[in-house]
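Working notes for the structure below.
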Amino acid sequence: MTSPLLRLILALALCVTAGAASAQTRDGLAPDAVVILAPLHGLHEREPSFSYDDLRTILDAAEPDVLLVETRPDELSGRTETPGRPEYPAVIWPWLDGRTLLVEAMEPGGEVFAAMTGAAGAKYARFNTEQPTAAARADALRRSMTLALLQHWRHPADAHDALTRDLMQASVLSERALGGPGDDEGQAAWDGYMIARARETIARNPGRRVVILASYRNLRAFQDGLAGESRLTDAEPWLRTLPFPNAEGR
């Protein structure tokens, strides 16, 4: 027969185990999960099913201990305007007010930024000047790809799915086929710099939840670059568990 004391010990053990299991999946994510999110930059303003409010909802639900942002260090420290990434002054900077989490910039700053962006800008300038017809076709392709994505996205999770990643890769490869810079070694170096910063930050923060704000454009690069991280969690299924009033129930 089981003694009353033993029954009490067993009951307490079950309570502790249940509490631990709950903690392991707080809000559907492990406490030490690494999650890559894919903001839409300016397309948030054109896509009602993934609005700025939805991005704020995702950040609230994720409750990161560490946030990695797709900005230069000076943009982060000054909470400045971020050309091409309007979600930062619109959502991220206000969301950070009053919070004490660790925030790290992934983009290079200073001379490294100037060298990398200068080289990329020169390549595109030559492409536009030397191959104007191909450049116009590349621009038309990008516009068509954007329209296709806007038709596809009906939920924030859709911006994190395989179709979005494949379409962005197809866009890059098509531009290269037209003779444009495409995703050449310069882009690989830029993405590689940010991924290296992400790896360093993840390694320095064991046991803490890390959220990486990449974008729908470079989601594939980040997922491939961080594929060996044991804490990496696929954002798409988790996002489908969250309530979004403007999503079309997918």
- Item | Among 160, 125, 192 the positive-end extreme of the charge dipole of the stretch 125-217 (Cβ point charges) | 160
- Charges only on Cβ, +1 for Lys and Arg, -1 for Asp and Glu: so what's the dipole of the stretch 34-103 about the Cα centre, in debye to the nearest 20? 100 debye
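Going by the alpha-carbon gyration tensor, a ≥ b ≥ c the square roots of its eigenvalues, is the stretch 95-179 rounded (a/c under 1.5) or, if a/c is not under 1.5, prolate (a/b greater than b/c) versus oblate? Walk me through the numbers on the way to the answer.
Values: a/c = 2.94, a/b = 1.20, b/c = 2.46.
Since a/c reaches 1.5 but b/c is at least a/b, the shape of the stretch 95-179 is classed as oblate.
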- Pop a pseudo-label 7 angstrom from the Cα along the beta-carbon direction at both residue 97 and residue 193 and give the gap in nm to one decimal. 3.1 nm
- Task: Please determine, in degrees from 0 to 90 and to the nearest 10, the orientation of helix 4-24 with respect to the longest principal axis defined by the Cα atoms of the chain, where the helix direction is its Cα long axis.
- Result: 10 degrees
- Task: For the chain, find the longest principal axis of its Cα atoms and tell me its angle to the long axis of helix 110-130, 0 to 90°, nearest 10.
- Result: 50 degrees
- Note on the structure: Note to self: with every protein chain in place and a 1.4 Å probe, the chain gives an accessible area per residue in Å² of 50 Å²
- Query: Pairing the Cα long axis of helix 185-204 with the longest principal axis of the chain, what angle in degrees results, from 0 to 90 and rounded to the nearest 10?
  - Reply: 20 degrees
- ³J(HN,Hα) computed for each position of the stretch 212-228 - Karplus, 6.51 cos²θ - 1.76 cosθ + 1.60, integer Hz, glycine/proline x: 10, 8, 8, 7, 5, 6, 10, 4, 4, 4, 5, 5, 5, x, 10, 4, x
- Message: Please compute the modelled spin-label separation between residue 227 and residue 134, points set 7 Å along Cα→Cβ, answer in nm with one decimal.
- Response: 2.9 nm
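Using helices alone, I'd like the mean residue ellipticity at 222 nm for the chain: each DSSP H run of four-plus residues gives -39500 (n - 2.57), total over residue count, nearest 500. Can you show the working numbers first?
Numbers: 10 runs with 132 residues, N = 250.
My calculation for the chain gives -17000 deg cm²/dmol from helical runs alone.
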- Query: Scanning the chain for GluC sites (Glu not before Pro) in DSSP loops with at most 16 other Cβ atoms within 10 Å, what's the longest stretch left with none?
  - Reply: 82-228
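The values are calculated or read from the model by the stated rules, or taken from the named source; none is laboratory data. Quantities reported herein were computed from a predicted structural model and do not represent experimental measurements. Neighbour counts are summed over all protein chains in view; Cβ atoms, including those assigned to glycine, are modelled from backbone coordinates with ideal geometry. To get the accessible areas, we keep the full protein, side chains included, count just its heavy atoms, and leave off ligands, DNA and RNA. Shrake-Rupley method; radii C 1.70, N 1.55, O 1.52, S 1.80 Å.
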